[in-house]
Each structure stands twice: as structure tokens, then as C-alpha cells.
Ligand SMILES: *Cc1c(COP(=O)(O)O)cnc(C)c1O
């Protein structure tokens, strides 16, 4: 289906004010955003409008009770200058899975993709050219009913916001395997990219920071024994040359980077296991030297090396980052596929459609 998306352009682009050599993460946004309203059971007011504040009622349901979900993805320019997306269909599918869990309406896949193509095409000059930089894309949906009372909202707003992000050179991180706080329990909302998960993580993360760690390595809610994930990244361990990652069992966010990593590893004939990962197994593997790499994986950083894990009062130093061959290979492969330097043999890259774009 082809949707009619009304476009209102800014009078003057802010593009010339941007210093593309120094882009702070998450603070700069492009000129336009996509906006749609869910009213009377359908998405209407489909439009691309200038990025600007929106009006909310003080009794907006999302503010009070948290019906709010989001996605995070990136657009980059291929070597020939064509803007491209990476597996956008998986992002809309996950958005809709989050929506189902939070009693929110789905966004039709074709509407999401058309809006994305039109918006990214229109904002293509906002895509930074430097290696490793990208246009970060933040789809977000939230309740719009203005009333109090814990109920499912009848109305929603869906926005797609974009903003340039600089090359992300994440410092190797120190993780605290926390045995006091949890992120997600079976039956909860851990698998949904919903606002409350992140609000609930702020206090434990602050405590971890005060102790000198960068982020929390979440353990399961029942026994504080099985590894789940980190902040906004899934976690991978290399033990005896085999890559091990926690299985997604309802408490872990199903990362799209995680999915691509599993695919690349299998394609390269590297052994991978998705299963329960007991933190004591990690302690043992660290002790006997079979644990050679630990890394987090997510859209923002792609791969983030882990240099230390603290558990039960023990600080376990990981082998030096230079030796993390699998982590480096994965990062180069995913970034390479994105830029066109590595052949996209899996067909993951989706060039932005020229007919819908103004570039
Ligand atoms: C977004 C997110 C991830 C990573 O998912 P990607 O699709 O790879 O970006 C992992 N864990 C959590 C909690 C997240 O919110």
C-alpha cells in the first residue's frame, strides 16, 4: 500500500550549524520527523514535519503509567553515496512485538517502511560521512489519552526522529554482575523495548557507577545466577574458542545485532551456543584461562569490549582487548556490510528508495 504522507519542510535547514567533526551522541536532531496519530482505531495525520516540541496534556497516560515503546536503528551512506538501512523490517517487527506486550496498536510494516524511506531520503544530507558515524533513528510510540486511571489508552502518537551520531569508539567497559537488583523476571516486560525497563535500571546503574563500574551485567531475577544482558546490549562470551550467549527466554531483549552476530558466526563455521549461561561458569572459565573474550552487542556501539566483570566481590580482568579477535571481526563485518565494504551476501542492506526521496 502506498500511504499519503503530507510533508511540511522547515524554512531554513539547521544543517550548516552542525559541526560534523564533533557530534555528541543523542543531542542533535535533523530538521524533520515523521509523525502519525492513532485515533478511532487507525493511523491518521501521516506527516513529515519540522522537528519541534509537541503538546501533551498534563494527564497524558504515557507520562503517568508508562505506555511507551521505542526502537533504535541506524542509516548510513554506502560508498556510492546512497543512504541505506540495515534490516529495517526486523525493527518494525520488534516494535510491534513490544506494542503487543504493552497493549498498544501495531504500526503496519508497510507504513513504517514507507515513512522511514521518505524521512531518511529527505534527511540524507544529515547522514555523517565519516567512517563509523551514522544517522541514528529513533522510532517511538506512546499513549495520548488525557485522563487518569490505569487503563489502556485509545489514542497514540508514533514518531520517527533522526539525528547524526559520530563515530562510536566505545571504551572497554567494566561490568558489575549485580546480586541486589534485577532488570527482568519471567512473566515481566524484559523482552519489550518499553520505557519503564530503562527507568528501573537507572538506580542500580547509578549504584554501580559509584562503585567504579560502567554498567550492570544483569543476572536472573530468581537465583541471581544466569546471565541476561547489559544496559542496551546483549552479551557474548568466548570460551574455548566457542561463542556463548544467553538464550532469549522472555527476559532478554532480542537484539537485532545479536541476531546478525549469530548468523555471521554460523556462516564462518565458528561454534555458537545460545543457552543458559551460569555466572559460575564464567568465573571458572576466567580462572582456568579458557575465557578469552567478552563483548556486548547493540545498534549504538555495534560491539563493546568488556575489560572486567565483577562478581561476588571478585574483579575478573579479561585478556587484553587486542587479543579479542572474534569481537573485532564481528565489528568490522557489520560496519563493512553497512558501508558496502564487505559484500552483503545475506541481503541485509536496504538502500533508501530513490523515488520516495529528495536526494
Ligand atoms: C535495544 C537493546 C538491545 C540491543 O538491541 P539491538 O537491536 O541490537 O540494538 C539489547 N538490550 C536491550 C535492553 C536493549 O534495549
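The values are calculated or read from the model by the stated rules, or taken from the named source; none is laboratory data. On a predicted model such as this, the values are computed, not experimentally measured, just so you know. Positions of Cβ are generated from backbone atoms using ideal geometry, with glycine treated the same way; all protein chains shown enter the neighbour counts.
Numbers for the structure displayed
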{"item": "Scope the range 308-348; condition at positive phi and surrounded by fewer than 13 Cβ atoms within 10 Å (Cβ to Cβ); matching residues", "result": "312, 313, 347"}
{"item": "Yes/no for residue 92 being away from the ligand (no atom under 16 Å from the Cβ), in contact with a helix residue (DSSP H, G or I) (Cβ under 7 Å, 6 or more places away or on another chain) and within 25 Å of residue 189 (Cβ to Cβ)", "result": "no"}
{"item": "Members of the range 230-262 that are under 16 Å from residue 293 (Cα atoms), near the ligand (Cβ under 8 Å from one of its atoms) and not in a helix (DSSP H, G or I)", "result": "230, 233, 234"}
{"item": "The lone exception for residue 102 - which of (1) at positive phi; (2) out of contact with any helix residue (DSSP H, G or I) (no Cβ under 7 Å at 6 or more places or on another chain); (3) within 16 Å of the ligand (Cβ to nearest atom) it fails", "result": "(1)"}
{"item": "Residue 319 within 16 Å of the ligand (Cβ to nearest atom) and either farther than 30 Å from residue 69 by Cβ or modelled with pLDDT of 95 or more (or both)", "result": "no"}
{"item": "Scope the range 100-116; condition part of a helix (DSSP H, G or I) and either at pLDDT below 95 or surrounded by fewer than 22 Cβ atoms within 10 Å (Cβ to Cβ) (or both); matching residues", "result": "100, 101, 109, 110, 111, 113, 114"}
{"item": "Residue ID - surrounded by the most Cβ atoms within 10 Å (Cβ to Cβ), chosen from residues in the range 264-299 that are touching a helix residue (DSSP H, G or I) at 6+ places or on another chain (Cβ under 9 Å) and either without any contact (Cβ under 8 Å) to a residue 24 or more places away in the chain or part of a loop (DSSP other than H, G, I, E, B) (or both)", "result": "299"}
{"item": "Residue list for the range 273-302, filter: more than 16 Å from the ligand (Cβ to nearest atom) and over 16 Å from residue 227 (Cα atoms)", "result": "287, 288, 289, 290, 292"}
{"item": "Flag if residue 68 is more than 21 Å from residue 117 (Cβ to Cβ) and in the same structural domain as residue 127 (by TED's automatic domain parsing)", "result": "yes"}
{"item": "When residues of the range 133-177 are limited to those that are in contact with a helix residue (DSSP H, G or I) (Cβ under 6 Å, 6 or more places away or on another chain) and outside any strand (DSSP E or B), the one farthest from residue 51 (Cα to Cα)", "result": "172"}
{"item": "Unique match (being over 30 Å from residue 65 (Cβ atoms), over 20 Å from the mean Cα position of the chain (by Cα) and not assigned by TED's automatic domain parsing to the domain that holds residue 56) among 177, 185", "result": "177"}
{"item": "Of the criteria (1) in contact with a helix residue (DSSP H, G or I) (Cβ under 8 Å, 6 or more places away or on another chain); (2) not in a strand (DSSP E or B), which one residue 52 fails", "result": "(1)"}
{"item": "Filtered residues of the range 171-221 (kept if more than 13 Å from the ligand (Cβ to nearest atom), over 20 Å from residue 236 (Cα atoms) and surrounded by 19 or more Cβ atoms within 10 Å (Cβ to Cβ))", "result": "208"}
